[in-house]
Amino acid sequence: MAKYTAFILALAIVLSLAACGGEGEAALSGDVTKEEESMKAESALTLSGHGIDEFTVLYTGEKYKESALLFAELLKAETGAELKVEPLAAGSAEVRVVIGMPENAEDVAPCDLELAAALAEGSTAHVIEQKEGLLFLAAADEWTAYDAVYDFVNNYVKEGNGVIRGISKTSSETAPADRDETALRVMTLNTYASNGDYGKRYPYMEALLKRYRPDIAGLQEVNDRVYRGVVAKLPKEYATAGETIDGTKDKSYTPIIYRKDKFKPIEVGIRFLRKRYEGTNTKTICFAVFERLDGGGRFGVVNLHGAIILESYKLEATNKVEGAEWRTDNAKQMLELAEELREKYGDLPLVFTGDFNCNKSSEAYKTIVGAGLSDAEFDADEVLITGIKTHHDVGVYPDEGKSIDHIFYNEGLRATEHVILTEDFCLRATDHCPVYADFKFES
């Protein structure tokens, strides 16, 4: 199959990138930050002599509609072009992007539907082929269609900074769906709320979640715009635990998203951190106990966003001293919650996600590992990237240093892999690297 994939992917896509001006929204401070500057430039994309704004995005069935919409959103973020999205039908536009798997070969002529179907059907591979006025993203199901969209935009399109990317591969080599489906994939992701040019960032965030498909994700800085612009657009298999703070109608900034086709929540709660800046309601701790639908028992997830003291708070305190004390108390509160859950549910496997706002040198971190919890970044069987700061300017590769976004776990689990995502897509989604870990339940 590899040689046929290589043959298809050897077909040339001509990318012509030209910068043009664009104003991003200012940060909350009113200043234009360097990450916003890096996202302002827009590109002009040409395929076979046709400008990208000439293309119509066509999907071959309802299950591919969301992939087509995501493709259009990402191309708008990259180029500024507004693409029409329509179901494939007789008489559809001649200059077109077709996503999915059509029934009739003429719908994707002159591309080779038979070969594409043979490669994609029943596998995690997708096929990207381009001829004349057609770009064909062939995929057997909605999940591989998301991969195809991600692969095309991440690998063949680059924002207007003079970089040209050529065709390299299909996702058959590296598709996240190839992972062990018996593993539990847990992600932590600080969404950066609606700071910066969030209209450009959100499609990348939606795409990375659909690409890496966590079973569980602890999110931070989730305001109403993130709920509407990202969370609401996740596939139907996902649901949200902890949307409102206990005893209030206030939206939670630290919800947990989960695969409802795999897990059922038994108990969900969300509390304010004891030590935090009380001028906002962003610093909370959310927990959920889930029943595994495969009959494998229960496990718990705790997600938090650690306290911080900013100069804008105008407090008679510093982040270095009092802020560190707050974060140590955050850690203690998390451990107390874990003990509550284990007293109630017995020897419950637990995983802890969050932007803890502290690294491994801090007292807060030492409090957590000193209580017997493991950090997947250092204790997983396989660690792919480490030694970088997980907080960064949007669109900029992180500096060397220590991470502040962590995934801890107790003795009921074994971490098989830990990954800090540093792909261009992920860096443009938010100001924190998404982090995930795969786990096996210990018998």
- Inspect the range 19-35 for any residue being at pLDDT below 50 and buried (at least 20 other Cβ atoms within 10 Å of the Cβ) and give the result as yes or no. yes
- Could you list, in sequence order, all residues of the range 277-289 that are more than 17 Å from Leu335 (Cα to Cα) and either modelled with pLDDT of 95 or more or outside any loop (DSSP other than H, G, I, E, B) (or both)? Tyr277
- Item | Qualifying residues in the range 290-299 (those that are of a type outside the set (Asp, Glu) and part of a loop (DSSP other than H, G, I, E, B)) - the one surrounded by the most Cβ atoms within 10 Å (Cβ to Cβ) | Gly296
- Query: Got at least one residue in the range 424-441 being under 14 Å from the mean Cα position of the chain (by Cα), part of a strand (DSSP E or B) and hydroxyl-bearing (Ser, Thr, Tyr)?
  - Reply: yes
- Out of curiosity, is Val222 assigned by TED's automatic domain parsing to the domain that holds Tyr345 and over 24 Å from Glu73 (Cα atoms)? no
- When the range 416-437 is examined, which residues are found to be in contact with a Ser or Thr (Cβ under 7 Å, 6 or more places away or on another chain) and surrounded by 24 or more Cβ atoms within 10 Å (Cβ to Cβ)? Thr430, His432, Cys433, Val435
- Task: Please go through the range 384-404 and pick out each residue that is hydroxyl-bearing (Ser, Thr, Tyr) and surrounded by fewer than 16 Cβ atoms within 10 Å (Cβ to Cβ).
- Result: Thr386, Tyr397
- Message: Can you find, within the range 304-354, the residue that is surrounded by the fewest Cβ atoms within 10 Å (Cβ to Cβ) among those that are closer than 28 Å to Lys440 by Cβ and β-branched (Val, Ile, Thr)?
- Response: Val351
- Task: With the condition kept exactly as written, say whether any residue in the range 77-93 is of a type in the set (A, V, I, L, M) and within 15 Å of Ile128 (Cβ to Cβ).
- Result: no
- Task: Tell me which of these Leu348 doesn't satisfy, since it passes every other one: (1) free of Cβ contacts under 8 Å to residues at least 60 places away in the same chain; (2) of a type outside the set (Phe, Trp, Tyr); (3) within 18 Å of Phe287 (Cβ to Cβ).
- Result: (1)
- Of these, Val369, Val394, which one is more than 23 Å from Phe287 (Cβ to Cβ) and among the hydrophobic types (A, V, I, L, M, F, W, C)? Val394
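The values are calculated or read from the model by the stated rules, or taken from the named source; none is laboratory data. All of these numbers come straight from a predicted model, not from anything done at the bench. So basically every Cβ, Gly included, is an ideal-geometry build from the backbone, and we count neighbours across all protein chains shown.
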